[in-house]
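A.B. asks: The following block contains the structure, expressed as structure tokens.
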Amino acid sequence: MKSCYLSRIFVFVQLFFSFSLFSQSACTNADFEMGNFTNWTGQTGTCCPINTGANGLSTAPVNSATGTGRHVIMTGNGTDPNTCGNVPVVAPGSIYSARLGNSSVNNQAERLRYVFNITPQTNLIIYKYAVILEDPGHTAADQPRFEAKLLNQNGQVVPCTYYQVVASSNAQGFQSCNVGGSTIRYQNWVTIGVDASSLMGQNVTLDFATGDCDQGAHYGYAYVDAGCAPFNIESRYCDNPNGLNTAFLSAPQGFAGYQWSTGQTGSTIMVANPSAGQIVSCTITSVNGCQAVLSAILTPSQINTDFTGTDVCDGGTIDLTNTTTIQNGTIASYVWTSSDGYTSNATNFTHQFTAPGTYNVKLKTISDLGCKDSVTRQVRVYANPIASLDSMNSCVGDLSTLTATSTVSDAQNLNHTWIINSTDTLTGNVVNPSFSFADTMSLTLICKTDFGCADTTDGSVIIYPNPVSNFSFIEKCIYDPVTFTNTSTIVNSNPNYQWFLNGNPTVSSTDFTTLLPNVGTNTVSLVAFDTYPGVTCDDTSTLTLIAHDIPYISIAVDSTICEDINFNALASSSVSTGENASYIWLSGNNTISTDSTLTYQFNDAGTYPITVNATTDFGCINSTAFNMYISPTPPAPILSVTTPFCPGDPAFFSSQAENNSTIYWSGPNNFSSSQSEFEMPLEINQMGTYSAYIISEFGCQSLPNSVSASIANIYGFNDFPFPNVITANGDGINDELNLNSYFQTCDEYTITFMNRWGNVVFIQTNTSTDYFDGETLEDKELKEGVYFYKLEFKSPLNSGIKHGFVHIVK
């Protein structure tokens, strides 16, 4: 592809070129650009004629001296020493060529062959050679020589491709040089173009051969190069937006003549103001007189220059990717320039700017035709932040304050990530972690801008241990002070304390003694403070305790009672803290009971103090006292009752008793009365015992007393035998017949006494006051004898008539 490169160089100068000479993919390494003989075959043999029957390459290192190696790769800017320095060892525009043969003698011959497959992309075969022949003056048949030809797939020479030259003073195109007394005939590089269009689809072979003289004392060698391309002119031109365009057309070099349809000659012509699609043709004539016609369709070449990339942080490298595209052409070069003075011809832009800021970057593109296009864009180099932090030491369990104080020169937004002890991660400008143990915590602060520029700094925060607050106490009764003993554990040596009682601050002493204000539950808190540089750590312990209540005693008792009478006193208590209570009853210093109920009596009247002590299960004590007022027992009342003569007659009841007392009577038939004296008709069924007791003014009850209530006359005439004798002699014994007294009756009666002759001698009734005493109603004395009586009686209980006699004895 060296000729292609030469043509492109020409177009860059001329601003336009559209003919691609070699296709690397179609004839790989035909130009030795791989720096080796890949795809080439070699032979060695003898001359003359050239006969190379030994297959294989006889190589030597690259650029070996002309006297060594028979197939040698050449590169660089050197010239052949046997041409007086006039022939380059590498074809113009190429990087590599091959030296075929050498300056050694002994009638050596060498051959190189390359096989082309003819396609629309390879139907133009270009080969180049430079020939060096020592001229001893032999006959032409014996002279050193060089041959070049193209063979079809049948091994036949393709017309117009055979070239043979021998050392001769009249060899066309050769020049002479005297080297070491020998005449050297050399021909500088010649380019031959072959139209292989007629061989489409065939494999054709390019054949180069060199040979020394037949007599064995003179040398012949050559430098060769080759390539392939489409056999046409692909014409492109720069599309000038102002319409002032010029197309430069170049036909393949190596031909003897060029005739263009524009009337111009030469391998390169200029077409002014071309139009897209315009056709220009060229008739080319090879050095051997063969002709071919090439056509060019003029096509504008358009460049769209562009690039992509990202901004970077200060110290980073801006990498811009070239995304330029071209139609009908290839890019020959790029020129990058930035506003800080940097330039580059690389395909992509890679540059590190020295300071943050916004920079202009320009990409200028030049095509193989010399077409130009450019674009300018801005890139930004963001400032890196400077990470810094402040940390506030704290205590275990407290929130620490970690503050990012980072800055950035171009006012970007900053984001912060904190790494604590290489494990925990927090985000934010200010974070408040808490720690469960004391230590010096390592901090790493990663500061990033929104763009991603970052800086890192390290620090630490000290977490101090908290004291361990604790205290002890013994629960007490409400009236006993409680001592709270501080048992806190302090790490440092400068502790302080604050006590709280039921949420209210009290003292700041180490220990604390107080009466609890509330019966029942009380809350006590102790805050222990431990001071470190700049930090005070604390711990709070809160305990609840019971202020045990005393029993509140209630006594149910009648405190006024009489002597010798049991009284009951019932003690009950309430304890707000829920404990049970036990009791001790005291009279003076004597325990008289341990039950909740006291049953007791005093035998003498007086005032007696009694004390009750109540003790809860917890041991809280309370006592109360009261007086028992003991009244004397009054004497039984003295009772009396009159005896009525007859049932229904009034009976008078009376009593003598203690002053200011109240008497209570009871008797037959549910009789009751509270009168000290009273009168009532007394019937037979009311006879009996009447009792009474008194209640003194102090409420004491006497013993009862009683009387018997009776009726003098409660019998009837059927209850006793009727008396039949009276001794009416005045001796006071049985002198009269008193029926009321004898019969003890109050029945209504009439008794009539008669003598034996039936004469009434005396009549007596129950209302009579004169009784039968042996005299008549007229008070006449009756004689001794028998007298008869008739007794008529009536009562509520019975009635009747009795008859009998009475014997009067004197």
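A.B. asks: Given R₀ = 51 Å, FRET efficiency for Tyr742-Thr662 by Cβ-Cβ distance, to 0.05? Don't skip to the answer; put the middle values down first.
C.D. replies: Working: r = 44 Å, r/R0 = 0.87.
With a Förster radius of 51 Å, E is 0.70.
A.B. asks: Return the long-range amide H neighbours of Ile565 (sequence gap of 5 or more, or a different chain), with a cut-off of under 5 Å between placed amide H atoms.
C.D. replies: Here Phe602 satisfy the definition.
A.B. asks: Express the accessible area of the range 689-810 per residue in Å², computed with a 1.4 Å probe while the remaining protein chains stay in the model.
C.D. replies: Numbers: 6770 Å² over 122 residues.
Per residue, the range 689-810 has 55 Å² of solvent-accessible surface.
A.B. asks: A further question follows. Using θ = phi - 60° and the Karplus relation 6.51 cos²θ - 1.76 cosθ + 1.60, list the HN-Hα couplings for the range 731-747 in order, rounded to whole Hz, with x at every Gly or Pro.
C.D. replies: Couplings: 7, x, 10, 6, 7, 9, 10, 9, 5, 4, 6, 5, 8, 6, 9, 10, 5 Hz.
A.B. asks: Now, a different point. How high is the relative contact order of the range 642-742, given as a whole-number percent (alpha carbon pairs under 8 Å, six or more residues apart)? Display every interim value, and only then the final one.
C.D. replies: Details: 170 pairs, mean separation 25.7, N = 101.
Relative contact order comes out at 25 percent.
A.B. asks: So, one more: Rounded to whole Hz and in sequence order, give me ³J(HN,Hα) for the range 370-382 from the Karplus expression 6.51 cos²θ - 1.76 cosθ + 1.60, θ = phi - 60°, writing x for Gly and Pro.
C.D. replies: Coupling constants for the range 370-382: x, 5, 10, 7, 8, 8, 10, 9, 9, 10, 10, 9, 7 Hz.
A.B. asks: Counting only pairs 8 or more residues apart or on different chains, how many lysine pairs in the chain have their Cα atoms under 12 Å apart?
C.D. replies: Working: Lys2/Lys128; Lys128/Lys149; Lys364/Lys372; Lys783/Lys810; Lys790/Lys802; Lys794/Lys802.
Lysine pairs meeting the criterion: 6.
A.B. asks: Moving on. What percentage of the solvent-accessible surface of the range 233-383, computed with a 1.4 Å probe over protein heavy atoms, is contributed by carbon and sulfur atoms?
C.D. replies: Values: 3190 of 7080 Å².
That fraction is 45 percent.
A.B. asks: Now for a separate question. Pop the C-beta distance of Ala625 and Thr483 into the FRET formula with R0 = 35 Å and round what comes out to the nearest 0.05. Can you show the working numbers first?
C.D. replies: Numbers: r = 32 Å, r/R0 = 0.92.
Efficiency for this residue pair is about 0.65.
A.B. asks: Continuing with this model, one more query. Using a cut-off of 13 Å between beta-carbons, work out the net charge of the residues near Ala438 (Lys and Arg +1, Asp and Glu -1, Ala438 not included).
C.D. replies: Values: positive: none; negative: Asp398, Asp439, Asp530, Asp539.
That works out to -4.
A.B. asks: Okay, moving on. Quantify, in whole percent, the carbon and sulfur part of the accessible surface of the range 640-795 (1.4 Å probe; protein heavy atoms only). Before the final figure, lay out each step's value.
C.D. replies: Numbers: 3910 of 8550 Å².
Solvent-exposed carbon and sulfur of the range 640-795 make up 46 percent of the total.
A.B. asks: With a 1.4 Å probe and all protein chains kept in place, how much accessible area does Leu151 have, in Å² rounded to the nearest 10?
C.D. replies: Leu151 has an accessible surface of roughly 20 Å² with all protein chains in place.
A.B. asks: Rounding to the nearest 20 debye, state how big the charge dipole of the range 223-337 is about its Cα centre with +1 on each Lys and Arg Cβ and -1 on each Asp and Glu Cβ. Provide the component values of the computation, followed by the final result.
C.D. replies: On the way: 1 positive and 7 negative charges, 127 e Å.
With Lys and Arg at +1 and Asp and Glu at -1, about 620 debye.
A.B. asks: Let me ask something else about it. When ligands, DNA and RNA are left out and all protein chains stay put, how many square angstrom of accessible area per residue does the range 314-361 have with a 1.4 Å probe?
C.D. replies: 50 Å²
A.B. asks: Just to confirm, what accessible area per residue do you get for the range 555-676 at 1.4 Å probe, in whole Å²? Don't jump to the answer; show the numbers that get you there.
C.D. replies: Values: 6500 Å² over 122 residues.
Solvent-accessible surface per residue comes out at 53 Å².
A.B. asks: Tally Lys/Arg at +1 and Asp/Glu at -1 over every other residue whose Cβ is under 13 Å from the Cβ of Gly69; what's the total? Intermediate values should be presented prior to the final figure.
C.D. replies: On the way: positive: Arg70, Arg99; negative: Glu110.
Local net charge: +1.
A.B. asks: Here is a further query. Just want to confirm a number: the relative contact order over the chain, from Cα pairs under 8 angstrom separated by 6+ residues, in percent. Each step should come with its number before you reach the end.
C.D. replies: Working: 2189 pairs, mean separation 49.5, N = 810.
6 percent.
A.B. asks: Let me ask something else. Kindly state, to the nearest 0.05, the FRET efficiency for Thr594 paired with Thr514, given R0 = 25 Å and r defined as their beta-carbon distance.
C.D. replies: Once rounded, the FRET efficiency stands at 0.10.
A.B. asks: How large is the charge dipole for the chain, taken about the Cα centre, if only the Cβ atoms of Lys, Arg (+1) and Asp, Glu (-1) carry charge, to the nearest 20 debye? Spell out each step's value before the answer.
C.D. replies: On the way: 25 positive and 64 negative charges, 1686 e Å.
Magnitude of the dipole: close to 8100 debye.
A.B. asks: Under a plain spin-label model, where a point goes 7 Å from the Cα along Cα-to-Cβ, how far apart in nm are Val491 and Ser576?
C.D. replies: It works out to 4.3 nm between the two label points.
A.B. asks: Among Phe174, Phe32, Cys228, which residue has its Cα furthest toward the positive end of the charge dipole of the chain, with +1 on Lys/Arg Cβ and -1 on Asp/Glu Cβ?
C.D. replies: Value: Phe174.
A.B. asks: Rounded to the nearest Å, what's the spacing between the alpha carbon centres of the range 136-179 and the range 623-655? Just the number, please.
C.D. replies: The two parts, judged by their Cα centres, are 188 Å apart.
A.B. asks: Taking amide hydrogens as modeled 1.01 Å from N in the peptide plane, which residues meet the under 5 Å criterion relative to Phe231, leaving out close sequence neighbours?
C.D. replies: Asn123, Leu124
The values are calculated or read from the model by the stated rules, or taken from the named source; none is laboratory data. Just so we're clear, the structure is a prediction, and the values are computed from it rather than from any experiment. Don't worry about glycine lacking a Cβ; one is built from the backbone with ideal geometry, like all the others, and counts go over all protein chains shown. Keep in mind that these areas ignore ligands, DNA and RNA; they rest on the heavy atoms of the full protein, side chains included. Shrake-Rupley method; radii C 1.70, N 1.55, O 1.52, S 1.80 Å.
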